[in-house]
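Below is one structure, written out as structure tokens, with a few remarks after it.
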Amino acid sequence: MERRSFLARGAVVTGAALTATAGPFQGLVAAHADTARTGRGGPRPGPGFGALVPTPDRTDGQVRLHLPKGFAYRSLGVAGEPMSDGVPTPSRHDGMAAFRGQRDGTVLIRNHEVPGVATAFGNPSDAYDPSCGGGTTTLTLDRRGNLVDQRVSINGTMMNCSGGPMPWGSWVTCEEAVDGPDVVPAFPGQDNSKLTRKHGYIFEVPLYGRTRREPIRNAGRFQHESVAFDPVSGAVFLTEDNFVAPCGFYRYVPPVHPLRAGRLLDGGRLQMLAVRGRPNAPLQLGQSRGATYEVDWVDITDPDPAHAPGTSWFTASSAVANQGIARGAALFSRLEGSTYRHGTVYFCSTQGGAAAPGDELPPVPFPRFGEGRGQVWAYDILRRRLRLVYESPHSQVLDLPDNIAVSPNGTLILCEDGDGDNYLRGLTQKGEIFDISRMVTPAGDADAEFAGATFSPDGDTLFVNMQSVVGRTFAISGPWNRC
């Protein structure tokens with residue numbers, strides 16, 4: 001069952017916010033004000049790059065993306081194609097980061113969100129768990145963007161969704177799962193007794209050299225989605241994507257600053273964000289324009305809980321978040337992509353916000369937590385201040401934002417995960433929203449989506465994945481200096 005088929009209906013609670021303050025993306029607050037006054041239900045139109053037109057893939061001439069004039073793209077790392085190590089490229093491409101490589105080249109580390117019990121790709125003796133089909137692959141491109149090498153970098157993990165780049169030269173990959181031999185799977189037909197290890201962790205994957213294949217257990221066992229690193233404090237901020245229950249925004253404080261240690265060490269402290277003076281603030285609900293909150297952090301005393309054999313997935317998936325909620329942590333709906341820029345972490349709440357009349361999410365056979373079409377939040381690390389950057393007024397404007405990136409000039413790039421056409425959208429610092437690309441849905445895979453947006457180190461190329469049964473990575477070139 002795909003993620004968008006497994007959504008929940010949550011409790012209705014109310015809350016209030018502080019007055020908005022000046023800062024980046026304050027234009028988005030003005031956009032909300034315009035919408036509230038006019039009742040048009042949308043933001044101010046943004047300039048963008050112009051109309052989207054069918055654009056052929058330079059690898060084979062097939063039209064897979066609609067892009068503005070002046071943009072071009074090509075596919076690489078297509079699922080099923082043999083890699084340099086002889087292993088077929090895994091499917092379901094997801095989160096990704098680009099690093100500066102040798103001789104002005106680029107290195108991409110890419111997640112593969114393969115769910116459930118499956119045979120590990122690559123060498124099973126190297127796998128964290130040989131009964132899991134997720135992991136990461138590493139692609140090396142030369143200075144002209146030609147793919148010169150691709151190979152397995154970690155295997156035997158589960159549901160590798162997103163993650164985050166570390167400045168010392170590694171990618172932290174996240175398991176969006178809590179399965180293990182101790183947990184009864186959520187879906188019929190799965191047999192978790194075949195699993196040899198517990199899942200639901202983050203793993204560090206170095207740019208070069210061998211991966212340790214050992215989880216950072218104190219960073220929690222939950223439905224990890226993404227991470228963002230603060231080079232000043234050394235903290236790692238983490239998002240959680242639980243489809244049926246309240247989610248938390250976390251920070252993991254390692255025992256040694258990672259820039260001194262040269263890697264992310266286990267044994268640190270896990271905490272969950274709480275709104276000061278507002279226990280269990282219901283941030284999954286529609287927010288007042290420019291909502292701003294002062295925050296504190298509450299400790300998670302047992303980040304890696306041991307579950308009794310036969311524990312339900314639904315119980316296990318909330319075991320960490322419930323500890324924070326008991327201490328007053330704030331409630332979010334499906335936190336997914338995150339990115340760090342200039343002391344601020346931007347992150348998406350995919351189903352947060354108020355539902356516009358006539359634009360409600362489709363009914364599903366499960367309760368769901370969150371009824372909106374998406375929110376974008378900003379956490380100011382130094383000031384300990386959380387601010388709503390944007391809340392979608394309608395699915396035609398922004399539909400379930402997932403992965404997020406930031407352009408060299410500061411525009412947020414949002415990957416949609418909606419039910420119909422999926423877009424890459426841009427949000428400028430002036431509050432303008434615009435279309436960057438529309439995906440042509442592949443035949444037989446209506447659930448295909450954009451994922452893993454990341455800019456090359458020189459800012460000239462946007463790499464983004466098509467998460468699909470036959471997944472692929474796009475390298476999109478164009479006048480990104482205008483974004």
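Some points to look at:
- Boolean, residue 145 is among the small types (Gly, Ala, Ser), open to solvent by less than 20 Å² (accessible area, probe 1.4 Å), in a loop (DSSP other than H, G, I, E, B) and on the phi > 0 side of the Ramachandran plot: yes
- In the range 416-426, the residues that are under 16 Å from residue 480 (Cβ atoms) and touching a Pro at 6+ places or on another chain (Cβ under 9 Å): 425
- Residue list for the range 181-210, filter: within 22 Å of the chain's Cα centre (by Cα) and hydroxyl-bearing (Ser, Thr, Tyr): 201
- Residue check for residue 387: assigned to a strand (DSSP E or B), of a type in the set (D, E, K, R) and surrounded by 24 or more Cβ atoms within 10 Å (Cβ to Cβ): yes
- Matching residues in the range 405-422 - criterion: being modelled with pLDDT of 95 or more and either within 13 Å of residue 392 (Cα to Cα) or open to solvent by 40 Å² or more (accessible area, probe 1.4 Å) (or both): 414, 416
- Residue check, residue 117 of a type outside the set (D, E, K, R), open to solvent by 20 Å² or more (accessible area, probe 1.4 Å) and touching a Leu at 6+ places or on another chain (Cβ under 8 Å): yes
- Enumeration of residues in the range 319-375 that are buried (at least 24 other Cβ atoms within 10 Å of the Cβ), farther than 16 Å from residue 388 by Cβ, touching a Pro at 6+ places or on another chain (Cβ under 7 Å) and not β-branched (Val, Ile, Thr): 321
- Counting only residues that are free of Cβ contacts under 8 Å to residues at least 24 places away in the same chain and either among the β-branched types (Val, Ile, Thr) or in contact with a helix residue (DSSP H, G or I) (Cβ under 8 Å, 6 or more places away or on another chain) (or both), the range 117-169 holds 1 of them.
- Selection status of residue 459, within 17 Å of residue 108 (Cβ to Cβ) and crowded, with 24+ Cβ neighbours inside 10 Å: no
- Residue list for the range 423-440, restricted to those being among the polar types (S, T, N, Q) and modelled with pLDDT under 95: 428, 429
Per-residue answers, yes or no, for (1) out of contact with any Leu (no Cβ under 7 Å at 6 or more places or on another chain); (2) over 30 Å from residue 346 (Cα atoms); (3) acidic (Asp, Glu):
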position: 107; (1), (2), (3): no, no, no
position: 126; (1), (2), (3): yes, yes, yes
position: 130; (1), (2), (3): yes, yes, no
position: 144; (1), (2), (3): yes, yes, no
position: 151; (1), (2), (3): yes, yes, no
position: 173; (1), (2), (3): yes, no, no
position: 185; (1), (2), (3): yes, yes, no
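- Count - residues of the range 58-103 that are touching a residue at least 60 places away in the same chain (Cβ under 8 Å) and charged (D, E, K, R): 6
The values are calculated or read from the model by the stated rules, or taken from the named source; none is laboratory data. Quantities reported herein were computed from a predicted structural model and do not represent experimental measurements. Cβ atoms come from the backbone with ideal geometry, glycine included; neighbour counts cover every protein chain shown. Keep in mind that these areas ignore ligands, DNA and RNA; they rest on the heavy atoms of the full protein, side chains included. Shrake-Rupley method; radii C 1.70, N 1.55, O 1.52, S 1.80 Å.
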